[in-house]
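Visitor: To start, I am sharing the structure in question, which I have written as structure tokens.
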Amino acid sequence: MFGDLMGMMGKLQEAQKKVEETKKRLDTVLVDQQSNDGLLKVTMTANRQLKSIAIDDALLEDKEQLEDYLLLVMNNAISRATAINEAELAAAAKDGLPNIPGMF
């Protein structure tokens, strides 16, 4: 019984290590998102850290339009980054966890 418990504890520690390594790797995975017309572009990591924003000069003339573009493009980028983040972390955790019936 203790052998099984010790084995499971080892597997859990291994899973935790894999998740932490995946989190670090996701800092290097870049998500690019742009408006349909290409006037606004943002880049963020899969950990949802904003890296860059490129705004075409044409958008600088209309504050409301720029705000709308920022909201739309940023929300799309965050959604894509979140999907990548969750999928990668779930895969890392599942691969490292012991086979516990009903867990997955």
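Visitor: Please give the contour-minus-distance gain from Ser52 to Arg80: 0.36 nm per residue of separation, less the Cα-Cα distance, rounded to one decimal in nm.
Guide: Gain on extension, Ser52 to Arg80, equals 8.5 nm.
Visitor: Using r as the Cβ-Cβ distance of Leu60 and Asp37, and R0 as 25 Å, what FRET efficiency do you calculate, to the nearest 0.05?
Guide: According to the calculation, E is roughly 0.95.
Visitor: If you average the sequence gap of Cα pairs under 8 Å that are 6 or more apart and divide by the length of the range 2-96, what percent do you get for the contact order?
Guide: Relative contact order of the range 2-96: 33 percent.
Visitor: Can you give me the angle between helix 63-96 and the longest principal axis of the chain, using Cα atoms only, in degrees from 0 to 90, rounded to the nearest 10?
Guide: Roughly 10 degrees between the two axes.
Visitor: Further question: Students often check this: by mean Cβ neighbours within 10 Å, which of 12-23, 37-48 ranks highest, and how do the rest follow?
Guide: Sorting 12-23, 37-48 by mean packing, highest first, produces 37-48, 12-23.
Visitor: For the chain, with only Lys/Arg (+1) and Asp/Glu (-1) charged at the beta-carbon, what is the dipole magnitude about the Cα centre, in debye rounded to 20?
Guide: 740
Visitor: Right, next: Would you mind checking the tilt of helix 2-26 against the longest principal axis of the Cα atoms of the chain, expressed as 0 to 90 degrees and rounded to 10?
Guide: Approximately 20 degrees, to the nearest 10.
Visitor: Using a Gaussian network for the chain with springs between C-alpha atoms less than 10 Å apart, which of these wobbles most: Ser35, Ser52, Ser79?
Guide: Among Ser35, Ser52, Ser79, the largest GNM mean-square fluctuation belongs to Ser52.
Visitor: Rounded to the nearest whole Å³, what is the per residue volume of the convex hull around the Cα atoms of the range 2-96?
Guide: Hull volume over Cα atoms, normalised by residue count, gives 77 Å³.
Visitor: Take a quick pass over the chain and tell me how many lysine pairs come in under 15 angstrom between Cα atoms, counting only ones 8 or more apart or on separate chains.
Guide: 5
Bear in mind that the values in this text are calculations on the coordinates, not laboratory data. Keep in mind it's a predicted model, so treat the numbers as computed, not measured. Positions of Cβ are generated from backbone atoms using ideal geometry, with glycine treated the same way; all protein chains shown enter the neighbour counts.
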